[in-house]
Amino acid sequence: MAREQTQTAPSTDNDTNEEAAAGSAGGTGSALTRATFNLTPRAVEALDRACARTKDTKTDTINRALVVYNLVLELMERGGGSLTFQTNDGQTERVHII
């Protein structure tokens, strides 16, 4: 179960403070939304791995993951679609979302 709270002042959470110092996430307003939720062990491992690879904060990583998840949902609602990735060596890979 998630709880949400709109927050206009910086909090004591380090990740949220980093966003507050840089403006709000996405730069679209000054209010932040604090969400409290439980992660499964698998999700914690994935979050930790993603943060280690990108050097991003947990907040930034979760924000990006939600944007990507929303894109996947939009593709599924349209009856599918695909994402094309290009590797550093120029090869492309297409992922089909059905």
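Read-outs throughout are calculated quantities, based only on the coordinates presented, and are distinct from any laboratory measurement. Small disclaimer: the values here were computed from a predicted structure and weren't measured. No Cβ is skipped: glycine too gets one built from the backbone with ideal geometry, and neighbour counts run over all protein chains shown.
Observations, loosely collected:
- Counted residues, segment 50-83 - those being within 15 Å of the chain's Cα centre (by Cα) and outside any loop (DSSP other than H, G, I, E, B): 21
- Residues of segment 29-61 satisfying the condition of being surrounded by 13 or more Cβ atoms within 10 Å (Cβ to Cβ) and either in contact with a Gly (Cβ under 9 Å, 6 or more places away or on another chain) or of a type in the set (G, A, S) (or both): A43, A46, A50
- Candidate set from segment 62-98 (those that are in contact with a Gly (Cβ under 7 Å, 6 or more places away or on another chain) and among the hydrophobic types (A, V, I, L, M, F, W, C)); member that is surrounded by the most Cβ atoms within 10 Å (Cβ to Cβ): L75
- In segment 29-49, the residue that is nearest to the chain's Cα centre (by Cα) out of those that are in a strand (DSSP E or B) and aliphatic (A, V, I, L, M) is A35.
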